[in-house]
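Note sheet for the following structure.
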Amino acid sequence: MERRDFLVSTVGAVGLSGCLATNQEAEVMSEVLVSDGAWSVHQRPRAVRVEDTTYVGWMDSRGWVGITAYDHNDGATESVRVSDELDWTDDHSSPAIHVRDDDRLIVYWTDRGEGTENMDYAISENALDISSWGSTQSFTSADVENVDYPQPVPWDGELRLYYRVGGHIDGKWKYRVSTDGGETYGSEQDFVDLVSEAIYIHPYQHEDRLHFALGDHRMDTPAIRHWYLEGGDYHESDGTVIQSGDQELTDETELTLVYDGEASGNNPPKQYDLICDGAGRPHVAFTEHVETGEGGGDGDYRARWAKWDGSEWVIGSEIVEMGGSLPEEHYYEGGLSLDSQDPTRVYASVETDNRNYQIQEWSTDDDGESWSSKDLSPADESVTRPTKRGRPISPRGHQNDLPVIWWAGRYDHFNYSQGSGYDTKVQRQDTPTEYVREGNNWIYTDHS
């Protein structure tokens with residue numbers, strides 16, 4: 001397939017004074033990074049920083065996959081569409097980003113339409129430059145239809161691409177290996193098959209270990225589990241060898257149990273993030289779904305955190321009550337993210353009053369025994385137009401001037417084919433959501 005390059009926008013810097021009007025509730029503001037974009041949970045990395053630029057992948061409300069480059073020197077943003085228009089507008093089609101050794105970028109995505117078989121990807125033609133891309137490349141799963149959740153990971157001099165096949169009902173996890181920096185990929189390899197639904201996996205590479213966190217969302221075996229690959233073998237968290245890394249994992253009980261959802265008495269937990277600290281100790285962020293009504297209702301989600309201390313998994317105290325699902329359906333809460341540079345910090349989407357959602361930062365200095373918080377977004381009070389702020393993510397390699405981003409706006413459903421979909425902007429700390437366009441700037445207007 002020949003692909004086309006679409007320049008969406010190039011926006012100049014938006015200062016903290018002059019360009020944006022202020023009100024008493026939001027005295028510190030910054031630019032909207034992307035005027036139309038969202039993402040789901042299990043593609044990663046979704047944002048990365050290289051030198052003085054942060055790259056953010058997104059799926060817009062019109063069915064296009066794109067990427068934005070944010071220049072930290074002058075605040076300018078450049079956005080381009082990378083894909084052709086997809087069959088479905090679904091934030092599950094949002095991309096993952098990989099930066100090659102030669103600094104050219106790879107963007108991976110899938111089309112969540114019926115019977116999606118292809119993993120698509122494109123490579124930028126120049127280093128750290130998103131303005132021009134090579135033609136779209138694809139490979140097809142040899143197992144079943146429905147391929148999603150790309151997760152590229154450099155490993156042992158190669159590039160591995162992990163992904164799910166089969167969808168939510170009978171999902172299995174596979175991977176392919178590239179020996180030429182992502183230009184081409186070898187045959188499909190079996191990774192995890194628990195012969196069940198609702199298995200979600202996140203990889204994270206730290207030095208000579210490739211860590212994995214697995215969220216088992218099945219009602220009969222709900223759990224969060226961990227293991228790692230080192231020296232050609234899979235290991236439990238304490239180093240006990242499980243089996244060869246060339247063999248498919250088929251028994252969840254061989255993986256280290258981090259959190260036992262069945263023992264908690266709650267609905268299945270959801271795995272959100274996996275990051276290692278500087279000493280190589282893995283941390284995970286996940287949610288508990290507390291049953292509040294027949295069938296679990298659509299909400300009462302609790303933010304949780306756990307850390308491997310070298311001998312056991314330490315589960316911190318409950319961080320915050322996050323509220324209900326973003327859309328009015330089950331199991332689709334606002335989300336969590338660990339800070340990519342400091343996993344003792346957690347970013348959470350928290351429901352406030354009148355179905356509004358706020359982004360908060362929570363931090364601990366005592367292994368999760370206690371937590372302190374601060375708000376990163378305004379506290380909205382609108383009843384007729386509630387703001388849904390969701391899916392906070394911490395760009396890989398950030399330098400604290402852009403530690404977290406999220407999307408915000410109207411979010412009725414992740415898929416336009418099943419409702420009115422979403423209309424969201426990508427934002428950063430203290431960015432109000434009510435804007436009008438004036439020239440190259442987004443101007444905040446008070447609609448109270």
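The values are calculated or read from the model by the stated rules, or taken from the named source; none is laboratory data. The shown structure was predicted, so the numbers you read here are calculated from the model rather than taken from an experiment. Virtual Cβ from ideal backbone geometry, glycine too; neighbours counted across all protein chains shown.
Brief remarks on what is shown
- When region 268-280 is filtered for residues that are within 22 Å of the chain's Cα centre (by Cα) and at negative phi, the ones remaining, listed by number, are PRO268, PRO269, LYS270, GLN271, TYR272, ASP273, LEU274, ILE275, CYS276, ASP277, GLY278.
- Just one residue in the set SER317, SER311, SER244 is modelled with pLDDT of 95 or more, of a type outside the set (Phe, Trp, Tyr) and touching a strand residue (DSSP E or B) at 6+ places or on another chain (Cβ under 7 Å); that residue is SER244.
- Number of residues in region 118-143 that are crowded, with 16+ Cβ neighbours inside 10 Å and in a strand (DSSP E or B): the value is 11.
Residues are listed down the side, and each one gets a yes or a no for (1) under 24 Å from ALA198 (Cα atoms); (2) without any contact (Cβ under 8 Å) to a residue 12 or more places away in the chain; (3) in a loop (DSSP other than H, G, I, E, B); (4) among the aromatic types (Phe, Trp, Tyr):
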| position | (1), (2), (3), (4) |
| --- | --- |
| SER317 | no, no, yes, no |
| GLU321 | yes, no, no, no |
| LEU326 | yes, no, yes, no |
| SER337 | yes, no, no, no |
| ASN354 | no, no, yes, no |
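- Residues that are surrounded by fewer than 20 Cβ atoms within 10 Å (Cβ to Cβ) and modelled with pLDDT under 90 within region 27-62 comprise GLU27, VAL28, SER30, SER61, ARG62, listed in sequence order.
- Selection status of GLU85, more than 24 Å from TYR411 (Cβ to Cβ) and either over 19 Å from the mean Cα position of the chain (by Cα) or surrounded by fewer than 21 Cβ atoms within 10 Å (Cβ to Cβ) (or both): no
- Residues satisfying the stated conditions in region 88-113, i.e. within 15 Å of the chain's Cα centre (by Cα), assigned to a loop (DSSP other than H, G, I, E, B) and small (Gly, Ala, Ser): SER94
Condition check ((1) within 30 Å of GLU262 (Cβ to Cβ); (2) at pLDDT 95 or above) across all residues:
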site	(1), (2)
ASN126	no, yes
PRO150	no, yes
LEU159	no, yes
THR179	no, yes
TYR204	yes, yes
GLY215	yes, no
